[in-house]
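Undergrad: My questions all concern the structure below.
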Amino acid sequence: MMWKYLLFLIISVELSSATKPAIVEVPRKEQSEPPAKQNVLLLLADDGGFEMGAYRNRIVQTPNLDALAKESVIFNNAYTSVSSCSPSRAALLTGLPSHQNGMYGLHQDVHHFSSFNSILSLPNILSKKGNIRTGIIGKKHVGPSEVFKFDFERTEEQYPINQVGRNITNIKNLVKEFLQSNDTRPFFLVVAFHDPHRCGHVTPQYGPFCERWGSGEEGMGLIPDWHPIYYVWDEIDLPFYVPDTEPARRDIAAQYTTISRLDQGVGLVLKELQNSGFDSNTLVVYTSDNGPPLPSGRTNFYDPGIAEPMFIRSPASDARRNEVTYTLTTLLDLVPTFLDWFGVEYPKKSKTKLTGKSLLPILTSEPPIDQDAAIFASQSYHEVTMNYPMRAIRTRRYKLIHNLNYQSPFPIDQDFYVSPTFQDILNRTLTKTPLPWYKNLRKYYFRDEWELFDLKQDPGELRNLAGNKGMDKVKKELQERLQKWQQDTDDPWQCAPHAVLQDKGEFKDDPQCLTLGHSDL
């Protein structure tokens, strides 16, 4: 299934007739070699996909992200290890998959998931072992607090999430506060935007993506630094996994408006970095936690759910600029990358080992293509009611997904359920109205235990080859590699769903998967 692009009319609504939408230019100073003190700025989108010009989206306007990409190495094969908000953030900050760090699902409210108390997180390691100043602004969404402790925290734990995650004027000021500190230590700063996450199930008055919040419209308040951009819904060219219907098109148009807030926020943050004198000695990374909240996106292990935008700008004089890397990477690589950047070792006494690799070598030269490279993914819950554990391995050509709870329908999370896109899918299905979508709802709900896709021949992941005899060798090899990764990372689900893991008592030194004996019943 091929991606299609179509140029269309964009209407820019200006809050002042004298002020045009701002494009924050971030010029860079040439230098012979990087300064001794080096910092890290991690810019993190919330449910963000490839909606930007840097990834050849010719519709949405993202001048600041595009400008950053031109100064960076652009990753074309980056993937999250879990397609869910809190688990992905915990994995990103620990370098450990969700089943190993303990963040099985969403952290807040009734879901109440937290990482294990013994887990080591990046901010704690940097603060204790590297004497690095740490900060987070925006969405944190992980816990417990002592495991993910930053020196400077301005998050939803202290303020309303929209004010620290969507109000780019407030974000700018908080970044300035952090950067203008008298603390002279190198820093690690996370700016975690809440855009373009949905909000329609909580505050529907602001729109499905909070695209009206802070827009200057009556009753919406005003974000002074945001100049909203509105898109014509019937001229949007949709990604292949979204139904071609009016509600879905309006949904994407709203998402794009929210992305304009994210993009302009990125520009403001980079401008503050420059104004504070840190532009020339800071490693800047932009990525997202997981895929967008759309069909086959977030909570799914199909590529729209796990493929991530990522680009890294290095201040080094020999760094690559405006170049693409095709290296297969995972967000689990970021912890090793940041530790490498700061020259800090992962604690040797830790009971856990990192499976990721440092990406710093890629910033200076493209490594040879590793045909055997693979990334792994692990998901157990999203919301506490969404019990649908999945494990996956993805190589350059193939993907194998293991759906452990395959006998149940795939669960739908709260905010996606009330979205215009899903409600239209549901209503058309119930009324037997034609649905211009690449799947149908029954196929979306009910999945085979094993899903094997040839991504070269079938990038839309529509043809499950797991039952194809000609693919038995590929399937077996991927199963063995996936099983070994689960064992190496102490996955409690490694024997599910057809056996029970016994690794205590008499099995302590010889863990066993003991069968349930039901396959022949």
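Yes/no per residue for (1) over 21 Å from the mean Cα position of the chain (by Cα); (2) part of a helix (DSSP H, G or I):
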residue: Val284; (1), (2): no, no
residue: Asn290; (1), (2): no, no
residue: Gly305; (1), (2): no, yes
residue: Thr355; (1), (2): no, no
residue: Pro361; (1), (2): yes, yes
residue: Ser365; (1), (2): yes, no
residue: Gln371; (1), (2): yes, no
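Undergrad: Quick check on my filter: what residues within the range 458-474 are out of contact with any Phe, Trp or Tyr (no Cβ under 7 Å at 6 or more places or on another chain) and farther than 20 Å from Lys443 by Cα?
TA: Lys469, Gly470, Met471, Asp472, Lys473
Undergrad: Any idea how many residues of the range 107-126 are open to solvent by 40 Å² or more (accessible area, probe 1.4 Å) and outside any loop (DSSP other than H, G, I, E, B)? Quick ask: steps written out before the conclusion?
TA: Start the filter on the range 107-126 by keeping residues that are open to solvent by 40 Å² or more (accessible area, probe 1.4 Å), which leaves 107-110, 112, 114, 116-118, 120.
If we keep only those that are outside any loop (DSSP other than H, G, I, E, B) as well, we get 109-110.
Residues in the range 107-126 being open to solvent by 40 Å² or more (accessible area, probe 1.4 Å) and outside any loop (DSSP other than H, G, I, E, B): 2 in total.
Undergrad: Looking only at the range 411-423, decide whether some residue is more than 25 Å from the chain's Cα centre (by Cα), touching a residue at least 60 places away in the same chain (Cβ under 8 Å) and over 22 Å from Ala392 (Cα atoms). Show your work before the answer.
TA: At the first step, the residues of the range 411-423 found to be more than 25 Å from the chain's Cα centre (by Cα) are none.
Looking through the range 411-423, none of the residues is more than 25 Å from the chain's Cα centre (by Cα), touching a residue at least 60 places away in the same chain (Cβ under 8 Å) and over 22 Å from Ala392 (Cα atoms).
Undergrad: Next up: Select, from Thr325, Thr337, Thr364, Thr330, the only residue that is surrounded by 17 or more Cβ atoms within 10 Å (Cβ to Cβ), polar (S, T, N, Q) and out of contact with any strand residue (DSSP E or B) (no Cβ under 6 Å at 6 or more places or on another chain).
TA: Thr337
Undergrad: Also, quick follow-up: Out of Leu179, Leu189, Leu222, Leu174, I need the residue that is assigned by the TED database to the domain that holds Lys128, among the hydrophobic types (A, V, I, L, M, F, W, C), modelled with pLDDT of 95 or more and open to solvent by 30 Å² or more (accessible area, probe 1.4 Å). Which one?
TA: Leu222
Undergrad: Condition first: in contact with a His (Cβ under 6 Å, 6 or more places away or on another chain) and assigned to a loop (DSSP other than H, G, I, E, B). Can you find one or more residues in the range 86-97 that meet it?
TA: Scanning the range 86-97 turns up no residue that is in contact with a His (Cβ under 6 Å, 6 or more places away or on another chain) and assigned to a loop (DSSP other than H, G, I, E, B).
Undergrad: Please specify each residue of the range 130-142 satisfying the condition of being at negative phi and either in contact with a Ser or Thr (Cβ under 7 Å, 6 or more places away or on another chain) or assigned to a strand (DSSP E or B) (or both).
TA: Listed by number, the residues that qualify are Arg133, Thr134, Gly135, Ile136, Ile137, Lys139, Lys140, Val142.
Undergrad: Then there's this: Could you tell me whether the range 242-252 includes any residue that is closer than 25 Å to Arg89 by Cα and either crowded, with 23+ Cβ neighbours inside 10 Å or at pLDDT 95 or above (or both)?
TA: Yes, the range 242-252 contains at least one residue that is closer than 25 Å to Arg89 by Cα and either crowded, with 23+ Cβ neighbours inside 10 Å or at pLDDT 95 or above (or both).
Undergrad: A follow-up question, please. Could you name every one of the helices (runs of 4 or more DSSP H) located completely within the range 390-454 that has at least 1 residues being out of contact with any Ser or Thr (no Cβ under 8 Å at 6 or more places or on another chain) and acidic (Asp, Glu)? Walk me through it before giving the result.
TA: Values: elements: 414-417, 420-430, 441-445.
Ranges flagged: 414-417.
Undergrad: Could I ask something else about it? When you go through Pro420, Pro436 one by one, which is the residue that is open to solvent by 30 Å² or more (accessible area, probe 1.4 Å), in contact with a helix residue (DSSP H, G or I) (Cβ under 6 Å, 6 or more places away or on another chain) and not assigned by the TED database to the domain that holds Gln205?
TA: Matching residue, one of Pro420, Pro436: Pro420.
Undergrad: Also: Go through (1) more than 18 Å from the chain's Cα centre (by Cα); (2) buried (at least 24 other Cβ atoms within 10 Å of the Cβ) and name the single condition Ala90 misses.
TA: That leaves (1) as the condition not met.
Undergrad: Additional query: Within the range 494-517, how many residues turn out to be open to solvent by 50 Å² or more (accessible area, probe 1.4 Å), in a loop (DSSP other than H, G, I, E, B) and within 24 Å of Gln379 (Cβ to Cβ)?
TA: 4
Undergrad: Could you tell me which residue of the range 383-405 is nearest to Ser118 (Cα to Cα), considering only residues that are open to solvent by 10 Å² or more (accessible area, probe 1.4 Å) and within 18 Å of the chain's Cα centre (by Cα)?
TA: This residue is Glu383.
Undergrad: Which one is least open to solvent (accessible area, probe 1.4 Å), of the residues in the range 447-465 that are over 15 Å from Phe301 (Cβ atoms) and more than 25 Å from the chain's Cα centre (by Cα)?
TA: Per the stated criteria, the residue is Leu465.
Undergrad: Quick check on my filter: what residues within the range 127-151 are surrounded by fewer than 18 Cβ atoms within 10 Å (Cβ to Cβ) and either farther than 19 Å from Cys85 by Cα or modelled with pLDDT under 95 (or both)?
TA: Of everything in the range 127-151, those that are surrounded by fewer than 18 Cβ atoms within 10 Å (Cβ to Cβ) and either farther than 19 Å from Cys85 by Cα or modelled with pLDDT under 95 (or both) turn out to be Lys128, Lys129, Asn131, Glu146.
Undergrad: In the range 423-433, what count of residues is obtained for those that are buried (at least 17 other Cβ atoms within 10 Å of the Cβ) and under 16 Å from Pro293 (Cα atoms)?
TA: Here the count works out to 2.
The values are calculated or read from the model by the stated rules, or taken from the named source; none is laboratory data. Predicted, not measured: the structure shown is a model, and the values here were computed from it. A quick note on method: Cβ atoms are made from the backbone with ideal geometry, for glycine too, and the neighbour counts reach across all protein chains shown. Only protein heavy atoms, including side chains, enter the accessible area calculation; ligands, DNA and RNA are left aside. Shrake-Rupley method; radii C 1.70, N 1.55, O 1.52, S 1.80 Å.
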